[in-house]
Amino acid sequence: MTDAAASHRTTAHSTYRTGLVFGGLSYALWGALPLYFLLLAPSGAFEIVAWRVLFSLVFCALIITVTRTWTVLGRALRQRRLVWTMGLAGVFIFINWQTYVIAATTGHVVEAALGYFINPIVTVLLGVFVLRENLRRLQWVAIVVSCVAVVVLAVGYGSLPWISLILAFSFGLYGLIKKRVGPSVDAVTGLTLETAWLAPVAVVQLVVVSGLSGITFGTVSPWHTASLLAAGIITAVPLLLFAAAARRLPLTVLGLIQFVAPVLQFLVGVVILNEAMPFERWVGFGLVWVALIILMVDMVASGRSPRRSIREVA
């Protein structure tokens, strides 16, 4: 092996390890979000999400200022179709955020985790019905198994697991839009446009909350105020870490480590918050996990080579 080849192999290995670290950190932070939202009590879910939108916008503006990339945002703003598309993405991520925070603050963390376990199945379904993709046999098997799981869980919950389904479909549609946008907008610019669209909604939400129960920001304790201010950082940092990981890892690897977040959320709900897990829910979750294993096997068996995946992600 020549020195150049050895150097290239070392660089590739280093890039891969860095990507794993970035990806693991991003999903770990997402997995710990329920604990963060619980620390924000007595703030309600609607106030939390409103501040999350506004402080994310402020944090993105700070990043753009520090990195001197206002011209990049300016170019994006001149693309009318892109701006409207990011507005639609903002609608779906707002639905996702609001539903997730409601779940985290009302004792439904396990149901929220289920939503992100189901999300890959939803992504496959969107590929069929929106992108007109053809499914392989194992993918159909995974979908059928997951549908059976939803029926079992509906029996266990006494109704459809609405929180799980809303989270799975809202994030799936958000991901579909981001995929269609592709590399034309980076993570910071995209989040800036999305939160700029949502800022008026957040302000209205705060006005309503103020009239109904009162705003808690700045009235509880310095620690509480600082924690709410950190909402922008907590929102943006995992997204930036994920974007960095996506540029360094094959899609197959990125797909496998995405389950770190729902696994952590599930453990938080069951182990830390002691949420109920009757037999029917264990069966339902077990079927979902079987469906995901089938999907992962299919993805690895028919997946692209790491080199090709890295090229396409970057």
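The values are calculated or read from the model by the stated rules, or taken from the named source; none is laboratory data. Computed from a prediction, not measured in an experiment: that's the story for all the values here. Using ideal geometry, Cβ is built from the backbone for each residue, glycine included, and neighbour counts are taken over all protein chains shown.
Annotations for the structure displayed:
- Cβ pairs under 9 Å, 6+ apart, first in the range 4-22 and in a helix (DSSP H, G or I), second β-branched (V, I, T) and modelled with pLDDT of 65 or more: Y16/V253; G19/V253; L20/V253; L20/I257
- None of W140, W97 is over 16 Å from the mean Cα position of the chain (by Cα), in a helix (DSSP H, G or I), within 26 Å of I257 (Cβ to Cβ) and not charged (D, E, K, R) except W140.
- Within the range 151-166, being surrounded by fewer than 21 Cβ atoms within 10 Å (Cβ to Cβ) and assigned to a helix (DSSP H, G or I) holds for V151, V152, A154, V155, G156, Y157, W162, L165, I166.
Yes/no per residue for (1) in contact (Cβ under 8 Å) with a residue 24 or more places away in the chain; (2) of a type in the set (S, T, N, Q); (3) over 21 Å from F46 (Cβ atoms):
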residue: P183; (1), (2), (3): no, no, yes
residue: T189; (1), (2), (3): yes, yes, yes
residue: E194; (1), (2), (3): yes, no, no
residue: L198; (1), (2), (3): yes, no, no
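- Candidates A236, A244, A226, A202: the one that is in a helix (DSSP H, G or I), surrounded by fewer than 17 Cβ atoms within 10 Å (Cβ to Cβ) and aliphatic (A, V, I, L, M) is A226.
- Residue in the range 256-272 that is crowded, with 19+ Cβ neighbours inside 10 Å, of a type outside the set (A, V, I, L, M), more than 15 Å from the chain's Cα centre (by Cα) and more than 30 Å from A301 (Cα to Cα) present: yes
- Within the range 136-153, residues that are in contact (Cβ under 8 Å) with a residue 60 or more places away in the chain reach partners that are in a helix (DSSP H, G or I) and among the basic types (K, R) with beta carbons closer than 7 Å, at six or more positions or on different chains, in the pairs L153/R281.
- Residues that are surrounded by 22 or more Cβ atoms within 10 Å (Cβ to Cβ) and either of a type in the set (A, V, I, L, M, F, W, C) or touching a strand residue (DSSP E or B) at 6+ places or on another chain (Cβ under 8 Å) (or both) within the range 34-43 comprise F37, L40, listed in sequence order.
Residues checked against (1) basic (K, R); (2) buried (at least 17 other Cβ atoms within 10 Å of the Cβ); (3) out of contact with any Gly (no Cβ under 6 Å at 6 or more places or on another chain):
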{"site": "L20", "(1), (2), (3)": "no, no, yes"}
{"site": "G24", "(1), (2), (3)": "no, no, yes"}
{"site": "A28", "(1), (2), (3)": "no, no, yes"}
{"site": "A45", "(1), (2), (3)": "no, yes, yes"}
{"site": "A50", "(1), (2), (3)": "no, yes, yes"}
{"site": "S56", "(1), (2), (3)": "no, yes, no"}
{"site": "L62", "(1), (2), (3)": "no, no, yes"}
{"site": "W70", "(1), (2), (3)": "no, no, yes"}
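- If only residues of the range 37-66 that are free of Cβ contacts under 8 Å to residues at least 12 places away in the same chain and among the aliphatic types (A, V, I, L, M) are counted, the one that is nearest to F217 (Cα to Cα) is L62.
- Residue selection: V91 fails the criterion of being part of a helix (DSSP H, G or I) and crowded, with 21+ Cβ neighbours inside 10 Å.
- Residue in the range 125-137 that is under 30 Å from L57 (Cβ atoms) and either in a helix (DSSP H, G or I) or of a type in the set (D, E, K, R) (or both) present: yes
- F217 passes every criterion in (1) part of a helix (DSSP H, G or I); (2) of a type outside the set (S, T, Y); (3) in contact (Cβ under 8 Å) with a residue 40 or more places away in the chain apart from (1).
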